Amino acid sequence: MGLIIIPCALTDDAALTSTPAAVAGLGPDNLKLSDRGLIWRVLGDTASVSVELPAIRRIGGIVLWRHTLTSQATWRVRIWSGAAQTGEQTYDSGVVQAVPPKALGDLDWGIDPLGASIDGQDFSPLILPGNVVARSMLIDITDTGAAQINVGRLFAGEAVAPEVTFGWGSSVTWERNRRATRTASGGLRVESDPPYRVLRIELAHITPDERRIFADLLRDTGNAREAWISARHGEGGRFESDHALLGYLVDNPALTREQGVRYTLPIQIEES
């Protein structure tokens, strides 16, 4: 349990193939772009996307972001060490629920059945037990009875879990662009865009061995590329979901050496 970070999407450099064929103009290459107006769409209630990485990499987490899957949807991820789904199969998730279930404390007793999915969640994270060797992947999605399957973003890469998690004082806020004007009669008219989250944490005990990983995050990802962060991984339910997002660092913070064996790093990430 604790903090999980996927610093960059290795799948952005991969060749993606859709089965069956996607709707024209809404192909799988849209999964590599950070744009809420772009999606991968397949008609029907089953779809697969195969992933061919340009070279052998390590994968520790896979996220489907901004999808329209229902509470009945399932998905399965398989990873191979060789190209075209050859070589050793290094991971098989089995068929798992696409939208995570509510925690017991989140259930509306007398209405929700046990195992009910989190209402309105539009992303599916899958964190592996460890980083595995990967050259190709296959992702199968089933949403029985659905007219179509829509996914906005595929984000998969090496997962990082610091030895010591963040300290007290973390926060998550829901923000929105808001415009307020007074009408001629004196009333207040408010227009607002869809909300987005901002997560703030501070890592106060980064070890010298971990310093390289976070230096790579700041140099290679910075505030120009997306990163995935789950601040409450393993805690389940709406609490974990609220603290997990794909987004951009608001700024490029300083990685500070406080003592000979300790570094600190404040992180503020805005949902994309």
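Key figures
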| item | result |
| --- | --- |
| Enumeration of residues in segment 189-202 that are at pLDDT 90 or above and of a type in the set (A, V, I, L, M) | 198, 199, 201 |
| All strands (runs of 3 or more DSSP E) inside segment 1-107 with 1 or more residues being more than 24 Å from residue 272 (Cα to Cα) and in contact (Cβ under 8 Å) with a residue 40 or more places away in the chain | 40-43, 46-67, 74-80, 89-92 |
| Total residues in segment 186-242, condition free of Cβ contacts under 8 Å to residues at least 60 places away in the same chain, in a strand (DSSP E or B) and not basic (Lys, Arg) | 6 |
| Complete set of residues in segment 62-101 that are loosely packed, with under 15 Cβ neighbours inside 10 Å and of a type in the set (D, E, K, R) | 88, 92 |
| Those residues of segment 109-163 which are at pLDDT below 95, in a strand (DSSP E or B), touching a Leu at 6+ places or on another chain (Cβ under 7 Å) and of a type in the set (A, V, I, L, M, F, W, C), in sequence order | 123 |
| Enumeration of residues in segment 47-74 that are closer than 25 Å to residue 241 by Cα and of a type in the set (Val, Ile, Thr) | 49, 59, 62, 63, 68, 70, 74 |
| Top-ranked residue of segment 221-237 - restricted to ones that are out of contact with any His (no Cβ under 9 Å at 6 or more places or on another chain) and buried (at least 17 other Cβ atoms within 10 Å of the Cβ), ranked as modelled with the lowest pLDDT | 236 |
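For every residue, the table says whether it meets (1) surrounded by 15 or more Cβ atoms within 10 Å (Cβ to Cβ); (2) hydroxyl-bearing (Ser, Thr, Tyr).
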site: 161; (1), (2): yes, no
site: 164; (1), (2): no, no
site: 167; (1), (2): no, no
site: 181; (1), (2): no, yes
site: 192; (1), (2): no, yes
site: 206; (1), (2): yes, no
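The values are calculated or read from the model by the stated rules, or taken from the named source; none is laboratory data. Nothing here was measured: the structure is a model prediction, and the numbers come from that model. No Cβ is skipped: glycine too gets one built from the backbone with ideal geometry, and neighbour counts run over all protein chains shown.
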